[in-house]
Amino acid sequence: MAKDKRYVVQMEMYVYAENDYMARKRSHEMRQELDSKYPNAQTAVTELGEQPFASLSYRKFKDHSMPLSKSKDDELPF
């Protein structure tokens, strides 16, 4: 049996959210979903920014890490 080769895939997608926090949260939720479905995928959010529809302007987030604090938009645990 031949050993599989490893490839790098760069993906880009649009995430719609009410604010920066929710954009970060949703992008990392999508990353975690891919990681759970494909355990060896080792996905990462490398850049995140805001680009209004039909606009060339782009605002890169200084912080694109996964949010750790709770927000009023988070679901309650009960």
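Coordinate-derived values only; no laboratory data. The shown structure was predicted, so the numbers you read here are calculated from the model rather than taken from an experiment. Heads up, the Cβs are rebuilt from the backbone with ideal geometry, glycines too, and the neighbour counts pull from every protein chain shown.
Total Lys pairs in the chain closer than 23 Å by alpha-carbon, pairs eight or more apart in sequence or interchain only?
Qualifying lysine pairs in the chain: 10.
On the Cα set of the chain, report Rg and Dmax in Å, please.
Taking only Cα atoms of the chain, I get Rg and Dmax of 15.6, 52 Å.
Percent relative contact order of the chain, based on C-alpha pairs within less than 8 angstrom and at least six residues apart?
It comes to 22 percent, rounded to a whole number.
Exposed loop sites here are GluC sites (Glu not before Pro) in DSSP loop states with at most 11 other C-beta atoms within 10 Å. What is the longest stretch of the chain lacking them?
The answer is 19-46.
For the chain, take the longest principal axis of its alpha carbons; what is the angle in degrees between that and the long axis of helix 20-37, to the nearest 10 within 0 to 90?
Taking the Cα atoms of the chain, the angle to 20-37 is about 20 degrees.
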